[in-house]
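This report refers to the structure that appears directly beneath it.
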2 protein chains.
Amino acid sequence: MYNIILANSALELIPKEIKNKIKPSKVYKYDILDANYHYKAMKFLKDRERRGRPDIVHVSLLTILDSPLNHERMLNTYVHTYDNKVLYIDPKTRLPRNYFRFLGVMEKVLKGYKNPLIKLEKKTLEELLFDINAKNIALLTKKGKVININDMKRYDTFLIGGFPYGEIRINEEGLNIDKISLYNKGLMAWTVCGIVCYSLYFK
Amino acid sequence: MYNIILANSALELIPKEIKNKIKPSKVYKYDILDANYHYKAMKFLKDRERRGRPDIVHVSLLTILDSPLNHERMLNTYVHTYDNKVLYIDPKTRLPRNYFRFLGVMEKVLKGYKNPLIKLEKKTLEELLFDINAKNIALLTKKGKVININDMKRYDTFLIGGFPYGEIRINEEGLNIDKISLYNKGLMAWTVCGIVCYSLYFK
């Protein structure tokens, strides 16, 4: 059994401090921060380059959940968000393919409405790793050591940044973390998710 | 150099015969058929279960274009559509991540506006295979023979259905096509694209 964690993911409700800067829109009706629609309002938001990209979580989850590794029930999938919420995504989840429908589902979950397949808890990345008893953790980053794809199986837990730029923020104390890279250039989160899932399944 | 072709893809302008059945919408402003928004109007459309899923093309192209195989310029990417148009997608293309922006780009291309990175031609799947001089063609289908991932390299051209259900429609006469499968269950087009691209690049 493997764990895959989208870490520090750019998925959150619209923060209170910019709510009054966002005009109501007929196209975008969701209480979820999206840089594509809230670009101006985000201008003075802290860490704005790491936030407001729920599309990254959407495509990454579409990739993970349809992978043979997940179909074989060999994978636990977690989304850890910028504001320290953790979503556990049941492997049977059939995520909406349409982006706006996805946002509709996520808005409800983030607001605390019960969903039979997606469970929400308030916790940090470090707490999550402790709770799932992660032993050998691979943190995927372009600054990591490039490893052979066949060596992925030595890890039980994979941390992949669910945001567009920068590094995963984590206190490594007491954790057994290897920083690894799949390629000599940066890759999108969904690409890394795909390569991890496929390389663990196919020999 | 490899070729990847999304075949019979569910990406097309709204067909004339149902145009009068679609009411103007404030959310969806595109002249592209999308079953999520045109479900009712598509009720009597021929082959409706194979049409109106541009989201499949979007996620598949996001997967293909960010793959290391494409970054290394070892891949030609084509989208062949239900109505026999072929889009050649330059490997340098930075596709919009936002679904609606993607539709905006595609609408223009399908209407014949010039795009420096996406070239449109009217042609059938068979004509495309002839034009690119495809020699050893793999057609990915769950009904195919399950092959070892390491044997993918014997093919130069990969046909993956860019639609939700059913089989690729092709006249195999004079073509050297193997029907192959990666897994014993059906997979989404983007998953197949990912596995093909990653297995050709990583040894």
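The values are calculated or read from the model by the stated rules, or taken from the named source; none is laboratory data. Predicted, not measured: the structure shown is a model, and the values here were computed from it. Cβ atoms come from the backbone with ideal geometry, glycine included; neighbour counts cover every protein chain shown. All accessible areas refer to the heavy atoms of the entire protein, side chains included, with ligands and DNA or RNA removed. Shrake-Rupley method; radii C 1.70, N 1.55, O 1.52, S 1.80 Å.
For region B:173-185, the Karplus equation 6.51 cos²θ - 1.76 cosθ + 1.60, evaluated at θ = phi - 60°, returns couplings of 3, x, 10, 9, 10, 9, 8, 10, 9, 9, 7, 7, 10 Hz by residue, with Gly and Pro reported as x. Distance from the Cα centre of region A:104-120 to that of region A:138-171, in angstrom? Centre-to-centre (Cα) distance: 27 Å. The calculated FRET efficiency for the pair B:ARG94 and A:ASP156, based on their C-beta separation and a Förster distance of 41 Å, comes to about 0.75.
The modelled label-to-label distance for the pair B:PHE130/B:LYS21, using points 7 Å beyond Cα in the direction of Cβ, is 3.5 nm.
Rounded to whole numbers, the Karplus 3J(HN,Hα) couplings from phi for region B:35-47 are 4, 5, 10, 10, 3, 5, 5, 7, 3, 10, 7, 4, 6 Hz, using 6.51 cos²θ - 1.76 cosθ + 1.60 with θ = phi - 60°, and x at Gly and Pro. Measuring heavy-atom accessible area with a 1.4 angstrom probe and counting protein chains only, the residues of region A:85-99 that give up at least 50 Å² relative to the chain alone are A:ARG97, A:ASN98. Take A:GLU167, push a point 7 Å out from Cα through the beta-carbon direction, and compare it with the same point in every other copy: 5.3 nm, smallest first.
When both bridge partners sit in the protein assembly as shown, DSSP labels roughly 35% of those beta bridges antiparallel. The residues of region B:64-202 expose, per residue, 45 Å² of accessible area to a 1.4 Å probe. Distances between placed amide hydrogens fall under 5 Å for B:ASN76 paired with B:TYR2, B:ASN3, B:ILE4, all partners being 5 or more residues away or on another chain. Distance from the alpha carbon centroid of region B:4-72 to that of region A:26-57 works out to 25 angstrom.
Counting Lys and Arg as +1 and Asp and Glu as -1 over every other residue whose Cβ lies under 11 Å from the Cβ of B:ASP66, the net charge comes to +3. Here the Karplus curve 6.51 cos²θ - 1.76 cosθ + 1.60, taken at θ = phi - 60°, turns the phi angles of region A:120-135 into couplings of 10, 9, 7, 6, 7, 4, 5, 5, 4, 4, 5, 4, 8, 6, 5, 9 Hz, with x standing for Gly and Pro.
In terms of the Cα gyration tensor, with a ≥ b ≥ c the square roots of its eigenvalues, is the protein assembly as shown rounded because a/c is under 1.5, prolate because a/b exceeds b/c, or oblate? It is oblate, given that a/c is not under 1.5 and a/b is not larger than b/c. The amide H of A:ILE32, built 1.01 Å from its N in the peptide plane, has A:ILE14 as neighbours under 5 Å, considering only residues 5 or more places off or on other chains.
Taking the Cα centre of chain B as origin and assigning +1 to Lys and Arg Cβ atoms and -1 to Asp and Glu Cβ atoms, the resulting dipole is close to 800 debye. Rounded to the nearest 100 Å², what is the buried accessible area between A and B, both sides summed, probe 1.4 Å? Buried: approximately 3100 Å² between B and A.
Surface composition of region A:14-73: carbon and sulfur atoms hold 53% of the protein heavy-atom accessible area at a 1.4 Å probe.
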